[in-house]
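**Student:** Starting off with a structure, shown below.
Readers should treat all values here as calculations from the given coordinates under stated rules, not as data from a laboratory. Note that the structure is a prediction, hence the values are computed from the model and not measured. Methodologically, a virtual Cβ is constructed for each residue, glycine included, from the backbone with ideal geometry; neighbour enumeration extends over all protein chains shown.
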Amino acid sequence: MELKAPEEKLVFFNFLYAPSGGGYQNSLSFVETLIVLGFDFSNVTFFVFIGSELETICKENNISYKAISNSVLSKYRFELLARTFVNKGDVVFSLFGPPMLGMDDRSINIGGMAISNVFHKEVDFWGYLGKKSKAIKVIKDIYRKYRYRQLDYWIFETELLKDKAIHEFKFPAKRTEVIKMTPSILVSPSHVSEICIEDKYKNISTVNRFLFLCGAHPNKRLHVLPELAKYLDEKGVEFSFIFTLVENSYYSDVLALARKLGVEKYFNNIGPVKPAEVASVINEVNFVCTFSLLESFSNNFVEAWAMSKPLLVTSKDWAKESCKQAALYVNVDKQSELNQQVYSVINNLKAQQYAVECGAAQLAVHPSAEEKAEKYIAAIHKVIKLGKISKKERKGICL
């Protein structure tokens, strides 16, 4: 396949649904990979945020783009006005996200299915909330499901989610695809910076560093860490928990509990990291941790494998389906088991090394950054041939 957008259609790459975090890192890696591959951007326009690295890349590489302020109001206004420049039959590709507002019957819409809780009915994803707050989240999920149903082609990150979509929620199989996660081209040992390391890890214990490369949200289950810290402290373990988050009320509550238990000194927040800093941050830890209740797929997995670091992961089907033997599984649902399992892992170098070796093997079944980019472009060509989904097909989806 020739690495270029289809000449018969205008193609818009919408990067407005992933302004930060892993989604933004994936977007940045995707674009940089396309540039390395010599992709022809002549028929393409990007939608980006003003002041973002993506906007800078567009300027430096003469890529057509439209930039807006990073606010909800600006985004809604932009989407509603998009009909003035997106013509009927043009393609809007969102690496993650549903169609833009007002584009359901106009553009051919292809998007990454970035929500997973709606496919796992058995998981009480909003269970930590009170009745009123939970009801609001459920209503928002109903709306999000409606918006995602308006896509013409869905890209999933795991076979598990794709299979659920087809067999449980009646998505048309020919309009679904799995494109597995791959590490950003910036996440490799060759991108480790000593300057970054010195800046991020000043005065933090160098032994048994546990990295939580995520935001502060109850789904990440950081609230189990104070009790874990107390247990490890009583066992005489030297360790530190490393966070890369923007502090909020949830994290404040976690710290308050840690303070109450006398283990606050083990909690170290180095703040959000830029995509170019991820390799350096991972390089200096002993474990990469994902204690989430549920994820579609975590960037942490492939990044830990790429940096040869053992993964500590929630012992759940969604995680095991993604990681196979390339992780050390812990029961985050039961505090006493979690404490004992983490302590056991610290003292089991053989298990750690085996997880790293399996990580390298698991990474081999994922596409390279170049292969992944090519798969996305191929998906765009495929959906153009398929055209818009029929009303009958869409009506059959029971998400």
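**Student:** Tell me, GLU32, GLU303, GLU393, GLU198 in order of fewest to most beta-carbon neighbours within 10 Å?
**Tutor:** Ordered by Cβ neighbours within 10 Å, fewest first: GLU198, GLU393, GLU32, GLU303.
**Student:** Sequence-distant or interchain residues sharing an amide H contact under 5 Å with ASN269, placed H: which?
**Tutor:** Residues meeting the criterion, in which the H sits 1.01 Å from N, are PHE243.
**Student:** Right, here's the next one. Pop out the ³J(HN,Hα) list for region 270-285 in order, Karplus 6.51 cos²θ - 1.76 cosθ + 1.60 with θ = phi - 60°, rounded to Hz; leave Gly and Pro as x.
**Tutor:** Once rounded to whole Hz, the list reads 8, x, x, 10, 6, x, 6, 9, 4, 4, 5, 5, 5, 4, 9, 10.
**Student:** Ranking GLU234, GLU277 by Cβ neighbours within 10 Å, fewest first, what do you get? Don't skip to the answer; put the middle values down first.
**Tutor:** Values: GLU234 10, GLU277 20.
The most exposed by this proxy come first: GLU234, GLU277.
**Student:** Sticking with this structure for a sec: Count of lysine pairs in region 189-363 with Cα atoms under 12 Å apart, counting only pairs 8 or more residues apart in sequence or on different chains?
**Tutor:** Pairs that pass both the separation and distance tests number 4.
**Student:** What list do you get for GLU194, GLU177, GLU247 if you sort them by fewest beta carbons within 10 Å? Please report the intermediate quantities before stating the final value.
**Tutor:** Values: GLU194 9, GLU177 18, GLU247 13.
Placing the least packed residue first, the sequence is GLU194, GLU247, GLU177.
**Student:** In sequence order, what are the phi-derived ³J(HN,Hα) couplings for region 210-217 according to the Karplus relation 6.51 cos²θ - 1.76 cosθ + 1.60 with θ = phi - 60°, rounded to whole Hz, with x for glycine and proline?
**Tutor:** These are the phi-based 3J(HN,Hα) values: 9, 9, 10, 8, 6, x, 9, 8 Hz.
**Student:** Quick one: among LEU151, LEU232, LEU80, which has the greatest mean-square fluctuation in a GNM of the chain with alpha-carbon springs under 10 angstrom?
**Tutor:** The residue that fluctuates most here is LEU80.
**Student:** Let me check against my output: what whole-number percent is the relative contact order of region 189-363, with C-alpha pairs under 8 Å and at least 6 apart? Walk me through the numbers on the way to the answer.
**Tutor:** Working: 291 pairs, mean separation 41.2, N = 175.
Reported relative contact order: 24 percent.
**Student:** For region 252-399, place one equal point scatterer on every Cα, skip the solvent, and apply the Debye formula. What is log10 of I(q)/I(0) at q = 0.12 Å⁻¹?
**Tutor:** -0.69
**Student:** With a cut-off of 8 Å between alpha carbons and a minimum separation of six or more residues, what is the relative contact order of the chain in percent? Working shown, then result.
**Tutor:** Values: 673 pairs, mean separation 69.0, N = 399.
It rounds to 17 percent for the chain.
**Student:** State to the nearest 20 debye the size of the charge dipole of region 189-363 about its Cα centre, where the only charges are +1 on K and R beta carbons and -1 on D and E beta carbons. Display every interim value, and only then the final one.
**Tutor:** Working: 17 positive and 19 negative charges, 44 e Å.
So the dipole magnitude of region 189-363 works out to roughly 220 debye.
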